[in-house]
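Let me begin by presenting the structure, written as structure tokens, before commenting on it.
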Amino acid sequence: MHYGNQFFPLIRKEDGFVFEGYGAVDHQAVTTAAILGGAVGGAIAGATSGKAKTQEYQLNMFTGNIYSADEEYLAGVTITAPAKLQLYRSDRKQQEEEVILMINDSTTIALRPGSIQELNFLAPLTKLTICDKDAKAACITINPSAGSTYYIEVSLPKKQEASLSVAEVEEKVAQFYLNEIKLAKDK
């Protein structure tokens, strides 16, 4: 496990994993050292503070977050919360034809340029495979976790010989295009 710029071995414990890592940085000690010893003293105190003792941390298998032993393992996570899948297609330089996608060879989604589809999946969650209905060439697979949102951008550009693309994108990128699509619909 990479934590605090160090690597620690994971140890299996019950249904999860733990590791022994260094304690938290004592910010008051760093500030005091900076006042008494200047920038060099603060840097030395920052580098060594917290390394005097180790503590047990646990890895939350649902979120990937790390918690110290005294924190609640499932803090802020509701296992029954759905995993959300937001599929969208921008209307910028897109072919006008509708794109048909299949999710796990059972659910059909149709997307026209400038459209958004939101799907919710409840536990138990399995992998989702999203493919072009006909060619099965443009495919991605997602392993959803409870309470998470996944953004899928579907694109069929106007360029000659352009092919369909289906890709997972970061939330920041997706929000830009989702807002653009919503503003265009409001006009």
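Remarks
- Flag for Ile100 being touching a Leu at 6+ places or on another chain (Cβ under 6 Å) and within 21 Å of Ser163 (Cβ to Cβ): no
- Near pairs, Cβ below 9 angstrom, 6+ apart or cross-chain, from the range 161-187 (aliphatic (A, V, I, L, M)) to any residue that is open to solvent by 80 Å² or more (accessible area, probe 1.4 Å) and modelled with pLDDT under 90: Leu164/Ala137; Ile181/Asp91; Ala184/Asp91
- Tabulated pairs, the range 90-112, first at positive phi and surrounded by 12 or more Cβ atoms within 10 Å (Cβ to Cβ), second of a type in the set (A, V, I, L, M, F, W, C) and not in a loop (DSSP other than H, G, I, E, B), C-beta under 9 angstrom, 6+ apart or interchain: Asn104/Leu128; Asn104/Ile130
- Per-region count, the range 129-162, residues in a loop (DSSP other than H, G, I, E, B) and more than 14 Å from Arg89 (Cα to Cα): 16
- Taken over the range 135-160, the residue count meeting the criterion of being surrounded by 18 or more Cβ atoms within 10 Å (Cβ to Cβ) and without any contact (Cβ under 8 Å) to a residue 40 or more places away in the chain is 1.
The values are calculated or read from the model by the stated rules, or taken from the named source; none is laboratory data. Since the model is a prediction, treat every value here as computed from it, not as a measurement. Note: ideal-geometry Cβ built from the backbone for every residue, glycine included; neighbour counts use all protein chains shown. What goes into the accessible areas is simple: the full protein's heavy atoms, side chains included, and nothing from ligands, DNA or RNA. Shrake-Rupley method; radii C 1.70, N 1.55, O 1.52, S 1.80 Å.
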